[in-house]
Amino acid sequence: EVQLVESGGGLVQPGGSLRLTCTAPGFTTHKCVINWYRQAAGKQREWFARIYLDGNTHYADSVRGRFTVSKDNAEDTVFLQMNSLKPEDTAMYSCKTFGFSPSDWCNTGSWGQGTQVTVSS
């Protein structure tokens, strides 16, 4: 039901910036929360940011002050601006819709392919 597509990853030097895009058709109509996750090789998937229908955001301590989430409701698109990147930010980045009710449309579907971010000199 939910189809997520992430893009914008790549190789960047420490201290650099990168802008990721998450497209989730229907997330605005269904009033979904959009969560961002990342998973480094050999590690658990980590939640690090979310954005609500009204544009309010929450961030994990690991990215607060460096990452900013925004969205374009008309395009069902969420953006992740990543600044002051560190080598420990290297991971596969994914977005995921969320709804507060278990049966919510936002909780259907599967993970997208993700986009790889590599921070290295």
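Some notes on this structure:
- Solvent-accessible area of Trp111 with every protein chain in place, 1.4 Å probe, in Å² to the nearest 10: 100 Å²
- Sequence of Arg66, Arg50, Arg45 when ordered by accessible area, the most exposed leading, probe 1.4 angstrom: Arg45, Arg50, Arg66
- For region 9-24, 3J(HN,Hα) per residue [Karplus equation, 6.51 cos²θ - 1.76 cosθ + 1.60, θ = phi - 60°, Hz, x = Gly/Pro]: x, x, 9, 9, 7, x, x, x, 10, 8, 10, 9, 10, 10, 10, 9
- For region 61-121: rounded, prolate or oblate by the Cα gyration tensor [a/c cutoff 1.5]: prolate
- Centre-to-centre separation between the Cα atoms of region 25-89 and those of region 1-16: 11 Å.
- List Asp76, Asp89, Asp61, ordered by accessible area with a 1.4 Å probe, largest first: Asp61, Asp76, Asp89
- Residue ranking by accessible heavy-atom surface, 1.4 Å probe, largest first, among Phe27, Phe79 comes out as Phe79, Phe27.
The values are calculated or read from the model by the stated rules, or taken from the named source; none is laboratory data. The shown structure was predicted, so the numbers you read here are calculated from the model rather than taken from an experiment. We work out accessible area using only protein heavy atoms, side chains counted, and drop any ligands, DNA or RNA first. Shrake-Rupley method; radii C 1.70, N 1.55, O 1.52, S 1.80 Å.
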